[in-house]
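Derivation of every value follows stated rules applied to the coordinates shown; laboratory data play no part. Predicted model, so just to flag it, every value in this text is computed and none were measured. Every residue, glycine among them, receives a Cβ derived from its backbone with ideal geometry; neighbour counts consider all protein chains shown.
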């Protein structure tokens, strides 16, 4: 069963198309990473996913139910970390935990306290006075406290330093190991998400240009370099579906999306290297990620 | 429901300092009697007034601030998502937040009143002169107003913070709503439909409340965290409800004002003309309105005439020309542009297709006297101590001269083309018997063309009984103390003839249509009507009237018929009789009828009855049964 099922999801803002017929499935217990550059449509997709925004067309099912119609009951089983942590500024983390505890069927208040302690976030400080990173950590602690079947994390590491980012992902890995929660995460921290994601989707200008298992993705993408003098190799490159080709002096440097070990003979002198998720992302979306600079 | 309680509790808890502020403010009135420059005569009343003022002030400010921020600010500052990412239904978020704003608003007002109430009892409302019965309604209305203020502030907050171009449409829709609502109210008020006019703002207030509630709910539940979509939904719902409401108010006003004579259940006022037309007002119980009409009874043709308020009463200010061709009446100025002026209208009663004509003649208030010339071309009125004569067709003022003499009631009548007679009665008391009031009549004549006033005569009338002949040439005056009736000249007041009554007491007299004079007298053994020649020199007939009671001559439905109104002595009540002047026979028309001159009567059920002189049968023509 799919925890998330998007079917032809389309969002328009006037004439502008923010999401164009996006369809995807997130199997139960998996970790799905949705990547995309700023303005690619991730936030619109997450708002639709949480039932905050009505799609112009298509629909979003969470845990098998239409989220626009049944948002409140579905969210009892969903933990959410928004992109911009947004709790009332006067409430402390402890008050927020108490507030939320009355809304969810299960609530682990001690778990919230323990996580905040691990993150080093004071639980008696008003939310409005916490740093952006601390706010995100409070949101994550709250999201995990209801033992959700599904976690929706909208760029949870935005604004966090490297240590805090590591703590977030470790928390997630720990939680996943404990409960096997389904996770839907959008992030610019590609290195972090690469460690935990089972499946990856890439949004580019509102269109889902990639939706694939992480292992399969990494298996079919390679960087291939070979001398320009090997004209036969240049000819064979087309069959490997290059997504980015660059000439560097005497060499051709290409990222291919259908790598097959036997397609470039040894006499072509290819140098084949595996790619990180970030490299694949950059190759697919054109230019380096702004968030990573 | 649990979500509602959680949101409500959180909102209240977050603003708990407001309670402390309110209670602190509530202590201020306790010190009021000792404040400098404040009277100390009635400390309890002073505290009440101050506590009420502070309570109302604080609750109004709280309503505006909380209403405008409790949702709209969260929405604009992107904090509403915190609630929407929880298992909370949209309505729970909306209702929880607004209910908290309402509770804080009303609660803060009550907390301000608490210390004063503990010390001097519940606040008294003497200063606003409210009847005791109305106090709960006053507080209910106040609570509704505060709730409406919260919701209005909420809507305003969402609209302004969305910074969307839809604001222009909101302003346009608000203007349309205000204009149409005010127009419906004003038209009803102008027509004298005071109860429906009162209902329109009351209903619109409640519908605005309903519209604001629905719009706020839709904005939050369907617009969710999107400020622009929320604004759009709020505007569509709010203006959808309000524009439908105001169109309904317009439709209601139109329906009320479309009342026709046959809709009247109870006829309350009748003014008969010399012809077949009448001026009539009556209660329409379906519309809760007392419309007035000019109605031609044989054909059913009618013209609507709005009533005029004067001295706390409303009625139809209509005059008919002596030949029955013209009717003029006054109506409150439509549009209210002339500050509550009354405008003169005229209708040609003989032309079936003639529409009412609005003359360019206005009066600041109901004139003390209004007269229409025999040909319907001139109208004379007394206003602010002046006699004004205007030409109806053009509105030109032909004359405006001061009323001769000082004070005292004045009556105007046209005594021929271009000739106006002014009758003024100065009241004086008999020094020997202050109860006896004498009317000393002065008769003046004014030539409209030259605007010259001339006093032509006068006479004394001890019982204010003077009755002018239809052509104004003669006056009948009763002098019961001397058991005499005098016929005087209509221009000079000089006596023309007098009759002394031996063994009888005259109780009424009138001119018949052919110039003869009818006098009803009481004498031992009964009452009778005596008919005299026009010069009062010869008694032509003496007709006995059966039954005992005080008799009044109440109209002449046909040349040889006279309606008598007898107030019965033995028991309360009255009977109407029809006296045949040719044969002397009388026919009983029925009890408890109010003769309205000539052939018309009002019965106790509020029906207008018309007499058929041939059969002496009464037929209902207007009122509940006539409508059926």
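Going by alpha carbons, how many degrees (0 to 90, nearest 10) lie between the helix axis of B:135-162 and the longest principal axis of chain B?
The helix B:135-162 is inclined about 50 degrees to chain B.
If you wrap a convex hull around the Cα atoms of the stretch B:64-195, how much volume per residue is inside, in Å³?
170 Å³
Over 33 Å, how big is the tail of the calculated P(r) for chain B, in percent of all Cα pairs?
Here the tail beyond 33 Å accounts for 63 percent of pairs.
Could you put B:231, A:188, B:154 in order, starting from the residue whose Cβ has the fewest other Cβ atoms within 10 Å?
A:188, B:231, B:154
If you take all C-alpha pairs in the protein assembly as shown, what percent of them are over 37 Å apart?
Counting pairs separated by more than 37 Å, the tail of P(r) holds 67 percent.
Enter the mean number of other protein chain beta carbons within 10 Å of the beta carbon of each residue in A:99-105, as an integer.
5
Calculate I(q)/I(0) for the stretch B:79-119 by the Debye formula, one identical point scatterer on each C-alpha and no solvent, and give its log10 at q = 0.20, 0.27, 0.28, 0.30 Å⁻¹ to two decimals.
Debye output, listed in q order: -0.65, -0.86, -0.89, -0.94.
Taking Rh as the Kirkwood radius, which is the inverse of the mean 1/r over Cα pairs, what is the Rg/Rh value for the stretch B:243-370?
0.97
Within a 10 angstrom radius of each residue's Cβ in A:76-89, how many Cβ atoms of other chains show up on average? Whole number is fine.
If you average over the peptide's residues, the count of other-chain Cβ atoms is 4.
Rounded to the nearest 500, what is chain B's calculated 222 nm mean residue ellipticity when only DSSP H runs of at least 4 contribute -39500 (n - 2.57) each, over all residues?
Result for chain B: -11500 deg cm²/dmol, rounded to the nearest 500.
For the stretch B:204-276, just run the numbers: alpha carbon Rg, then divide by 2.2 N^0.38 Å, N being how many residues it has.
Rounded to two decimals, the normalised Rg is 1.95.
Got a sec? How would B:237, B:299, A:10 order by Cβ neighbour count within 10 Å, fewest to most?
Result, fewest neighbours first: B:299, A:10, B:237.
Taking the 0 to 90 degree range and rounding to the nearest ten, how far is the long axis of helix B:43-69 tilted relative to the main principal axis of chain B, both from C-alpha atoms?
The two axes meet at around 60 degrees.
For the stretch B:50-113, compute Rg over Rh where Rg is the Cα radius of gyration and Rh is the Kirkwood radius from the inverse mean 1/r over Cα pairs.
Answer for the stretch B:50-113: 1.11.
If you average 1/r over every pair of different alpha-carbon atoms in the stretch B:1-152 and take one over that average, what Kirkwood value in Å do you get?
After inverting the mean inverse Cα-Cα distance, the result is 16.8 Å.
Could you work out [θ]222 nm for chain A from helices alone, using -39500 (n - 2.57) per DSSP H run of at least four and dividing by all its residues? Round to the nearest 500 deg cm²/dmol.
Calculated at 222 nm, the ellipticity per residue is -9000 deg cm²/dmol.
Counting only Cα, what are the radius of gyration and maximum Cα-Cα distance Dmax of the stretch A:190-291, in Å?
Considering the stretch A:190-291 through its Cα atoms, Rg and Dmax are 14.3, 42 Å.
Need the C-alpha centroid separation for the stretch B:248-277 versus the stretch B:18-72, integer Å.
The two parts, judged by their Cα centres, are 50 Å apart.
Residues in the stretch B:593-612 near a label at residue B:580, defined as backbone nitrogen under 18 Å from the 7 Å Cα→Cβ point?
B:611-612
Work out, in µm²/s and without decimals, the Stokes-Einstein translational diffusion coefficient of the stretch B:437-534 at 10 °C, 1.306 mPa s, Rh from Kirkwood over C-alpha pairs.
Result for D is 111 µm²/s.
When each pair of different Cα atoms in the stretch B:293-428 is counted once in the 1/r mean, what is the Kirkwood radius in angstroms, to one decimal?
Final number for the Kirkwood radius of the stretch B:293-428 is 15.6 Å.
Taking only Cα atoms, what is the 0 to 90° angle, nearest 10, from helix A:162-179's long axis to the longest principal axis of chain A?
Between the helix axis and the principal axis of chain A, the angle is about 80 degrees.
What fraction of the DSSP beta bridges in the protein assembly as shown is antiparallel, stated in percent and rounded to the nearest 5?
Restricted to the protein assembly as shown, the bridges split so that about 90 percent are antiparallel.
Evaluate the Kirkwood expression for the hydrodynamic radius of the stretch B:1-84, namely the inverse of the mean inverse distance over all pairs of different C-alpha atoms, and round to one decimal in Å.
Hydrodynamic radius (Kirkwood, Cα only) of the stretch B:1-84 equals 15.5 Å.
Return A:214, B:17 ranked ascending by Cβ neighbour count within 10 Å, so the fewest neighbours appear first.
Ascending Cβ contact count within 10 Å gives the list B:17, A:214.
Can you order the peptides B:156-168, A:12-24 by their average number of other Cβ atoms within 10 Å per residue, highest first?
Going by the mean number of other Cβ atoms within 10 Å, highest first, we get B:156-168, A:12-24.
Label residue B:163 and residue B:206 with points 7 Å out from Cα along Cα→Cβ: what is the distance between them in nm?
About 4.1 nm separates the two model spin labels.
Please report the spacing between the Cα centers of the stretch A:104-155 and the stretch A:1-26 in Å, no decimals.
When both Cα centres are located, 29 Å separates them.
Mind checking B:90-97 for the average number of partner chain beta-carbons within 10 Å of each residue's beta-carbon?
Per-residue shielding by partner chains comes out at 1.
Give me the distance between the Cα centres of the stretch B:502-523 and the stretch B:181-206, rounded to whole Å.
51 Å
Could I have the simple spin-label model distance between residue B:114 and residue A:225, label points 7 Å from Cα toward Cβ, reported in nm to one decimal?
With each label placed 7 Å out from Cα toward Cβ, I get 7.9 nm.
Give the whole-number value, in cubic angstrom per residue, of the convex hull volume spanned by the C-alpha atoms of chain A.
Cα convex hull per residue, to the nearest whole number: 146 Å³.
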